[in-house]
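Some notes on the structure that comes next.
The values are calculated or read from the model by the stated rules, or taken from the named source; none is laboratory data. Treat the numbers as computed from the prediction; the structure is a model and nothing was measured. Neighbour counts run over all protein chains shown; Cβ positions are idealised from the backbone, glycine included. Ligands, DNA and RNA are stripped out before the accessible areas are found, and what is left, the full protein with its side chains, is counted by its heavy atoms. Shrake-Rupley method; radii C 1.70, N 1.55, O 1.52, S 1.80 Å.
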Amino acid sequence: MDLERRRWPPEPTAGELKLLAEVAVSRVWTDGPWTAEVERRMERLTGAPHAVAFNSCTSALHAALHAMGCARGSRVAVPSLTFAGTVTGAAHIGAELVFADVRPDTLTLVDDPPEADLVIAVDLHGVPHGLPRDRVAGRPVLTDACQSIGTLWDGRHVGAVGTHAWSFSSAKLVAAPDGGAVTTDDAGLAGRLRELRDYGVPAGASRSNAGVVWAGGHNWRPSELTMAMVAHRLAEAGRWAARARDVTGRVHAAMDRAGLWHQAATEPAAPAWHKIRFGVPGWHPERADRLERALAGAGVPTHRWGRSPLHRHPAFGRAGGGRPPVAEAAAAGTLCLGTEAAPPMTWNDDEVDRVCRILETIVEG
């Protein structure tokens, strides 16, 4: 049982390699049919009426903030327990970051985020946040959904309502060398996003000769090579989401029997679990370290993700919001099962069963 052998992202198939060669030979490497095809497929997958493709989720978040009116000095509430890419765009814009705590069960943003002009909520590890998807207390909500493609809420994709930024990076469910997208139910916002990703010139105009109308625009266009792979792999998103749900459900049951804590999702969510995050009750860092070493000795890899909450990053340390206690405790005292190169959803059924037995045995011991 080698659970650290690279299994993700999936190797390109013969069909994908042929497709990539055809795109390369076409010499249409940006602004082509595959970008439009990804947008159509993201609309079908999520149920959102509009999708705009980008070269990364980080760019998608950055552009969405511009399009939603975020400017220098705007207050942006954001959970402290997330990846730096969630707030990179806001930092570049010059917004004031207000770090908030997370819930102790879902590890997503608290239900009453601090006062701000805009809220960035995160579907952490595929678990959907509990806020309304469009606005909370009159403030617009932007969801960092980089880990939740394939996640459902009451049988409907979480991206159906509101504005969401998605990732197609190599560790994600739909894995490519790079790429991202924004889905939204706001037609005006979608139009602004198309202009912002192309230097801020009016849609359909020549970027070489037209006047820039959005000062925050950039070259955020995705490559056709990436978009061709993403379009092909979006067809497999449902299968991988179902596999992630099945494996995580089995592992969570074993953790429950062993008396371990694990991240939860509230009804009626059906996450496409991006990570299986767990720990001992109380999230004691020393006991988490011992558990990590014991599992490694038994051949079960784990990794730490988000060990340094954003309010502890030197670049963001002066932001408001204090030191959220739940985020700090979860960052220090919890682990993620498997690795990003070999996530649990890639293990076969026998390997999953063995890991479940090992978890119960180690905790009992």
Using alpha-carbon coordinates, inclination of helix 224-234 to the longest axis of the chain, degrees
50
So what is the relative contact order for segment 90-189, in percent, with contacts set as C-alpha pairs under 8 Å and at least six apart?
17
Rg/Rh for segment 262-365: what does it come to with C-alpha atoms and Rh from Kirkwood?
1.01
Choice from ASP185, ASP134, ASP256 showing the highest fluctuation, given a GNM over the chain with Cα pairs closer than 10 Å
ASP256
Can you report the principal axis dimensions of segment 187-269 using only the alpha carbons, biggest first, rounded to whole angstrom?
65, 26, 20
With angles folded into 0 to 90 degrees, how steeply does helix 237-258 sit against the dominant principal axis of the chain? Use alpha carbons for both and round to 10.
30
At each listed q (0.14, 0.20 Å⁻¹), what is the log10 of I(q)/I(0) that the Debye formula gives for segment 1-147 modelled as equal alpha-carbon point scatterers?
-0.81, -1.21
Enter the accessible area per residue of segment 30-83 (Å², integer; probe 1.4 Å; all protein chains in place).
36
So for the chain, taking the charge dipole from beta-carbon charges (+1 Lys/Arg, -1 Asp/Glu), which of LEU291, PRO12, THR334 sits furthest toward the positive end?
PRO12
So how do HIS311, HIS284, HIS262 rank on accessible area, 1.4 Å probe, biggest first, that is with the largest at the start?
HIS284, HIS262, HIS311
Length-normalised contact order for the chain - Cα pairs under 8 Å, 6+ apart - percent
22
Classify segment 67-155 from the C-alpha gyration tensor, please: rounded if a/c falls under 1.5, else prolate or oblate depending on whether a/b exceeds b/c.
prolate
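Over segment 191-289, what is the relative contact order in whole percent, taking alpha-carbon pairs under 8 Å and six or more residues apart?
The normalised contact order for segment 191-289 reaches 17 percent.
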Take the eigenvalues of the Cα gyration tensor for segment 118-173, scale each by 5, and report the square roots as semi-axes in whole Å, largest first.
19, 13, 9
First compute the accessible area of the chain with a 1.4 Å probe, then give the percent of it belonging to carbon and sulfur atoms.
52
Round to the nearest 10 and give me the degree value, 0 to 90, for the angle of helix 33-46's Cα axis relative to the longest principal axis of the chain.
50
Ranked packing of 149-161, 339-351, most packed first, by mean Cβ within 10 Å:
149-161, 339-351
Listed residues CYS146, CYS70, CYS57; largest mean-square fluctuation, Gaussian network over the chain with Cα springs below 10 Å, found at CYS70
Take the chain, connect every pair of alpha-carbon atoms lying under 10 Å apart with a spring to form a Gaussian network, then pick out the residue of PRO140, PRO301, PRO268 with the largest mean-square fluctuation.
PRO268
Per-bin percent of Cα-Cα distances, the chain [10 Å]
5, 25, 32, 25, 11, 2, 0, 0
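Return one whole number: the accessible area per residue of segment 130-211 in Å², for a 1.4 Å probe.
Heavy-atom SASA per residue in segment 130-211 reads 35 Å².
Let me check something: with ligands and nucleic acids excluded, how do ARG6, ARG75, ARG307, ARG243 order by accessible area (1.4 Å probe), largest to smallest? Numbers along the way, then the final one.
Numbers: ARG6 155, ARG75 80, ARG307 125, ARG243 55 Å².
Listed by decreasing accessible area, they come as ARG6, ARG307, ARG75, ARG243.
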If you find the alpha carbon centre of segment 109-166 and of segment 286-365, how far apart are they in angstrom?
24
